1. Show the residue pairs that are 6+ apart or on different chains and have beta-carbon atoms under 8 Å apart, the first residue being within region 1-17 and at pLDDT below 75, the second being basic (Lys, Arg).
2. Taking the conditions exactly as written (closer than 23 Å to Val125 by Cβ, surrounded by 10 or more Cβ atoms within 10 Å (Cβ to Cβ) and modelled with pLDDT of 70 or more), does Ile91 satisfy them or not?
3. What are the residues in region 95-146 that are in a helix (DSSP H, G or I), over 18 Å from Val63 (Cβ atoms) and at pLDDT below 85, if any?
Amino acid sequence: MRIRDNNPPPASFQLAPMIDIVFLLLIFFLVTYQITEQEKDLKVAVPTTSEGSQKARVANKIVINLSADGEITISGEVYTKDQLRQKLKRIVRAAELANEDGADQQPVRIRADRDGRNQQLLQLVDEIQKAGIWNIDFATRSPKNP
């Protein structure tokens, strides 16, 4: 008569799936880091404020950089005011055609240089509003983070 051993076999740890997951996470973080860095124009030094709030990042937010000399860039591409207005109008029109509620609520963040002129900033805000977008916020940084 054969006697059975009621003890289960020792559990083994599968290393290959764990390595796959680690590589996938690494690729994900590298790709998302590159996307956020493309939005920033390093020539733009945003002003500091002690009373700003950290808002959650929105996936479809348009980041507009305004340099001290008035150059407008989005993701490294330079735009004139007219080109910017036309681009934003196309975005609003596409949202309206998709029957999205609040097409005018397309989020836009302005990263204006702290040494720029107020006139340039106000003209930029005016162009964004002419395109039909009213959800505008401004990038600042904490005085603790240089």
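The values are calculated or read from the model by the stated rules, or taken from the named source; none is laboratory data. Predicted model, so just to flag it, every value in this text is computed and none were measured. Note that we place each Cβ from the backbone using ideal geometry, even for glycine, and neighbour counts take in every protein chain shown.
1. Close Cβ pairs satisfying both conditions: none exist.
2. Yes.
3. Passing the criteria: Glu96, Leu97, Ala103, Asp104.
So that you can scan it fast, the table gives a plain yes or no per residue for (1) closer than 19 Å to Asp113 by Cα; (2) modelled with pLDDT under 75:
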{"position": "Leu26", "(1), (2)": "no, no"}
{"position": "Thr36", "(1), (2)": "yes, yes"}
{"position": "Glu51", "(1), (2)": "yes, yes"}
{"position": "Lys81", "(1), (2)": "yes, no"}
